[in-house]
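A short write-up of the structure that comes next.
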Amino acid sequence: MAAGAVCSGCTTIGKLSEAKRPNILFIMSDDHAAHAISAYTDKLIQTPHIDRLAKEGCLFTHVFATNAICTPSRASILTGQYSHVNGVPVFNQLDPNKITVAHRLQQAGYHTAMIGKWHLGSDPQGFDHWEILAGQGEYFDPVLYTREGSKKYYGEYCTDTITNLALVQLRRRPKDKPFFMMMHHKAPHRPWNPAPRHEKLWRLKTIPEPDTLFDDYATRTDAIRLQKQSIGDLTKTDVKDDVPEGLTGRARTRWMYQRYMQDYLGCIQGIDESVGRMLDELDEQGLADNTVVIYTSDQGFFLGDHGMFDKRFMYEESLEMPFLMRWPKGIKAGTRQDALVINCDFAPTFLALAGVETPPEMQGVSFMPLLKGKRPAGWRKSMYYRYYHDPGDHNTARHYGVRTETHKLIYFDKLEQWECYDLVKDPEELNNLYGDPEAQATVAELKAELFRLKKELGDTDRYADPKDWPKVSSYVKPPAARGN
């Protein structure tokens, strides 16, 4: 589908400008897999507060990151552009002169705020108020800084601190303007340190193992064998203890998986509590009816799936972003939407909610029409993905690919190897069909679609080589922190 093939909610813009425009509360965690939310599946954890957004709004089942790694995904969400266009293919700085959705909503009369994990190198632009973590931030005694300086929150847990600051901002916001608030959690990013109240609880639990924990990678390319993000690659910092003496092989993997997942899910329990607090505040202020609340993550995450942790690969667990959206005035409760959506679509949708046209430089499209439970004619039937960070921390080979409603084709271009999956017959992506004679017609169709999208989106292999990456920058050390 052409980038601009679907209007960004054009039929609703006039109505929105005449009525009271909705507030937008965008809550995003870091590395939260959809299958660790009970609205998607209740095998691992119960998340009643996040689930409320699905029960009272819409659960999206096919929302995907176009580059499944933290910084690039955040840049795509803000700009509505793919990595090769917004200039953030890896862990580099978002150009502070780049016009983002925050600027456009601010210009449209919204009060804009950013609280929590930013992770884009430069200071936030287009926000009336911001208070952000330095880099990845710390789980305990977090330091957050603003235009004026920084502050260390002694004795506090990061998820709680970010929630407290967001609640303060909700109460202090200008009451004569709609608001756009981005509330970004550090959790459940590595090294997965839950609050003590949750750590004790989850240490007592035994976590079900995924069916693919001991995937043998038969039929797959070299890429999955070369990666260094297997459960066995977890460190003592990750699992918080020495592996018991004598544990080897599968027994060692099982022990490490349990420790990893206990802490990971403990972090998510804290996020679920946070969402509950935010929803309660909206109720208390009488804002719930006309506030769009979104919960998502910057990409998915492997929870022992295919024997791995982390993300990066184009496999489903990494590619899929959880996405739940509530808006009582505009979304019927209990809706489910299976249409293909990408993170570049978020910014155009925010603008459509505010009654603002999507600017031509944005490559995503508004999914406002999907909120009625229907797909408009011409909605995308495929999406393009590209991962650049090679060599990276986990030795994940660079690759690009296409995902349709039924199939996936991945090209590891540096390795010159392909993988192809039938997602209907093989949802766990265990059987690479690329060399199967009976699949060659399908492979040819997918290749044609892949290169059509590549051309349409203007990806001419910009940033394919690390020497061409934009300068990687780190945060400038903020002013000395003062205690709370």
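Read the figures in this text as sums done on the coordinates, not as results from a lab. Predicted model only: the values in this text are computed from it and were never measured. Don't worry about glycine lacking a Cβ; one is built from the backbone with ideal geometry, like all the others, and counts go over all protein chains shown.
The table for this structure:
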| read-out | value |
| --- | --- |
| Local electrostatic count, residue 364, Cβ distance below 12 Å [Lys/Arg +1, Asp/Glu -1] | -1 |
| DSSP H segments from the chain that extend 18 Å or more along their own axis, Cα-based, with Kyte-Doolittle mean of -1.0 or above | 158-172, 249-284, 440-456 |
| 30 Å Cα-Cα reach of residue 177 towards lysines, excluding residues that sit fewer than 8 places from it in its own chain | 15, 20, 55, 98, 117, 151, 186, 329, 332, 372 |
| Along the chain, longest interval not containing exposed GluC sites (Glu not before Pro), exposed being DSSP loop plus at most 14 other Cβ atoms within 10 Å | 1-147 |
| Spin-label pair residue 140/residue 61, simplified geometry with 7 Å Cα→Cβ offset, distance in nm | 4.2 nm |
| Loop sites in the range 338-437: trypsin sites (Lys or Arg not before Pro), DSSP, at most 14 other Cβ within 10 Å | 374, 381, 414, 425 |
| Rg(Cα) / (2.2 N^0.38 Å) computed for the range 193-249, rounded to two decimals | 1.46 |
| Residue among 164, 71, 142 farthest towards the positive dipole end of the range 10-372, charges placed on Cβ | 164 |
| Rounded Å value of the spacing that divides the Cα centres of the range 309-385 and the range 72-91 | 16 Å |
| Taking the range 10-372 and dividing mean pair separation by its residue count, relative contact order in percent (alpha carbons under 8 Å, at least six apart) | 33 percent |
| Alpha carbon centroid spacing (whole Å) that separates the range 100-130 from the range 393-465 | 35 Å |
| Relative counts (whole %) of C-alpha pair distances in the chain, using bins that are 10 Å wide | 4, 20, 32, 28, 13, 3, 0 |
| Largest-first principal axis extents of the Cα set of the range 94-146 (Å) | 37, 22, 13 |
| Descending semi-axes in whole angstrom, ellipsoid equivalent of the range 118-216, from the Cα gyration tensor | 32, 16, 15 |
| Cα gyration tensor category, rounded, prolate or oblate, for the range 190-319 with a/c compared to 1.5 | oblate |
| Rough spin-label spacing in nm, given labels placed 7 Å along Cα→Cβ, for residue 206 and residue 447 | 4.9 nm |
| Within the range 433-450: backbone nitrogen closer than 16 Å to the residue 426 label point (7 Å, Cα to C-beta) | 433-447 |
| Förster-model FRET efficiency, 51 Å R0, residue 243 and residue 374, C-beta, rounded to 0.05 | 0.45 |
| Listed residue pairs exceeding 29 Å between alpha carbons, taken from 414/455; 447/471; 228/467 | 447/471 |
| Potential lengthening between residue 177 and residue 233 on full extension [0.36 nm per residue; Cα-Cα distance subtracted] | 15.2 nm |
| Dimensions in Å of the range 283-386 - Rg and Dmax from alpha carbons | 15.6, 46 |
